[in-house]
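Trainee: Submitted below is the structure of interest, expressed as structure tokens.
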Amino acid sequence: MTDTTAATPRIAPLEPPYDPDTEEMLRKWMPPGSPLEPLALFRTLAVHDELVSRMRPLGAGILGHGRVAPRERELIIDRTCARAGAEYEWGVHAVAFGAAVGLSDEELAATAVAGGDDPVWSKDDALLIRLADELHETGDLSDPTWAALAERFTDDQLLELIITAGWYRLLSYVINVIRIAPEPWAARFPKEVADEGRNTRGVEGGA
């Protein structure tokens, strides 16, 4: 895990005042009526205006038009970002979506520090944690994991779960490589992760 707390970003995010096109684009990336400044991640992606305009439909579709339950989506996102060490995105989602989709503080912390067999997880939750862990570790899903998932999800939902994990792994790459500092209002990784400097406790071999 890269410590981005005091790091200088390798690519500076855009700062206001924005040109009209950028202003409109950043407004679309944020929730309607949000009082917050556009996220540093979005302002960093906006350095490449054509690329960011093509990225937004997929991100918005995952969050706003998904075919899996929001709680299931957030478990995949939080675990994927935690395993990749992307504290920035994990912290944004923990605050913006965690309680709203029914994740407890204990469950949110567990996405960063607990193994896949931890008692905090229900059987259904543990399967999603396993999905995220196997994708992170192998870039694939084992036959037993796929079979268990296929009993619970339809084919379109399975595609969505895999693509969601991949999308947030991509964002984790951007966050980690560019050294995007956490938003001041976002959650931070549990102390166990911060103390170790990397996300390993409980998750290695725990899927």
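The values are calculated or read from the model by the stated rules, or taken from the named source; none is laboratory data. Being a predicted model, the structure only gives us computed values, none of them experimental. Neighbour counts are summed over all protein chains in view; Cβ atoms, including those assigned to glycine, are modelled from backbone coordinates with ideal geometry. Accessible surface is based on the protein model in full, side chains and every heavy atom, while ligands, DNA and RNA are left aside. Shrake-Rupley method; radii C 1.70, N 1.55, O 1.52, S 1.80 Å.
Trainee: Taking only protein heavy atoms into account and a 1.4 Å probe, give the accessible area per residue of the stretch 86-141 in Å².
Mentor: Numbers: 2230 Å² over 56 residues.
Per residue, the stretch 86-141 has 40 Å² of solvent-accessible surface.
Trainee: Same structure again: Roughly how many nanometres apart are two label points built 7 Å out from the Cα toward the Cβ at TRP185 and VAL120?
Mentor: Roughly 2.5 nm, to one decimal.
Trainee: Could you compute the FRET efficiency for ARG10 and HIS48, with r as their C-beta to C-beta distance and R0 at 22 Å, rounded to 0.05? Walk me through the numbers before you get to the answer.
Mentor: Numbers: r = 14 Å, r/R0 = 0.64.
FRET efficiency, ARG10 to HIS48: 0.95.
Trainee: Let me ask something else. Whole angstrom only: what separates the Cα centroid of the stretch 140-194 from the Cα centroid of the stretch 75-133?
Mentor: Comparing the Cα centres of the stretch 140-194 and the stretch 75-133, I get a distance of 9 Å.
Trainee: Pop the C-beta distance of THR154 and ASP21 into the FRET formula with R0 = 35 Å and round what comes out to the nearest 0.05.
Mentor: Values: r = 39 Å, r/R0 = 1.12.
Efficiency computed from Cβ-Cβ geometry: 0.35.
Trainee: Oh, and also: Zone of ALA100 (label point 7 Å along Cα→Cβ, backbone N under 19 Å): which residues in the stretch 32-60?
Mentor: 32-43, 56-60
Trainee: What helices does the chain hold that run 15 Å or longer along their axis, going by alpha-carbon atoms, with a Kyte-Doolittle average of 0.0 or more, using DSSP H for the helix calls? Provide the component values of the computation, followed by the final result.
Mentor: Working: long enough: 49-64 (22 Å, 0.26); 70-83 (19 Å, -0.98); 123-138 (22 Å, -0.41); 155-178 (35 Å, 0.83).
Helices passing the filter in the chain: 49-64, 155-178.
Trainee: Counting Lys +1, Arg +1, Asp -1, Glu -1, what net charge surrounds HIS93 among other residues with beta carbon under 9 Å of its beta carbon?
Mentor: On the way: positive: none; negative: GLU74, ASP78, GLU89.
Around HIS93, the charge tally is -3.
Trainee: So, one more: Using a 1.4 Å probe, how large is the accessible area of ARG188, given in Å² and rounded to the nearest 10?
Mentor: Surface open to solvent at ARG188 totals about 100 Å².
Trainee: Please report, as a whole percent, how much of the solvent-accessible surface of the chain comes from carbon and sulfur atoms (probe radius 1.4 Å).
Mentor: Carbon and sulfur: 55 percent of the exposed surface of the chain.
Trainee: Might you report the magnitude of the Cβ-based charge dipole of the stretch 33-108 about its Cα centre, with Lys and Arg at +1 and Asp and Glu at -1, to the nearest 20 debye?
Mentor: Computed about the Cα centre, the dipole is about 340 debye.
Trainee: Something else about it: Note down the relative contact order for the chain as a percent, whole number, built from C-alpha pairs under 8 angstrom at least six residues apart.
Mentor: On the way: 251 pairs, mean separation 73.5, N = 207.
Reported as a whole number, the value is 36 percent.
Trainee: Which residues' amide hydrogens lie under 5 Å from the amide hydrogen of GLY85, considering only partners 5 or more residues apart or on another chain, with H built in the peptide plane?
Mentor: Close amide H contacts, sequence-distant or interchain: none at all.
Trainee: Follow-up question, since we're still on this one. Stokes-Einstein diffusion coefficient for the stretch 19-135 at 4 °C in a medium of 1.567 mPa s, Rh from the Kirkwood formula over Cα pairs: what value in µm²/s? Working shown, then result.
Mentor: Values: Rh = 15.4 Å.
Approximately 84 µm²/s, per Stokes-Einstein.
Trainee: In debye, nearest 20: dipole of the chain around its Cα centre with unit charges on the Cβ of K, R (+) and D, E (-)? Don't jump to the answer; show the numbers that get you there.
Mentor: Working: 20 positive and 35 negative charges, 62 e Å.
Around 300 debye, computed over the chain.
Trainee: If you don't mind, another one. When N is the residue count of the chain, what does its C-alpha Rg come to as a fraction of 2.2 N^0.38 Å? Working shown, then result.
Mentor: Working: Rg = 16.9 Å, N = 207, 2.2 N^0.38 = 16.7 Å.
Normalised Rg, Cα atoms only: 1.01.
Trainee: Here is a follow-up. What 222 nm value per residue comes from the helices of the chain, counting each DSSP H run with n ≥ 4 as -39,500 (n - 2.57) and dividing by all residues, nearest 500 deg cm²/dmol? Display every interim value, and only then the final one.
Mentor: Values: 10 runs with 118 residues, N = 207.
That comes out to -17500 deg cm²/dmol.
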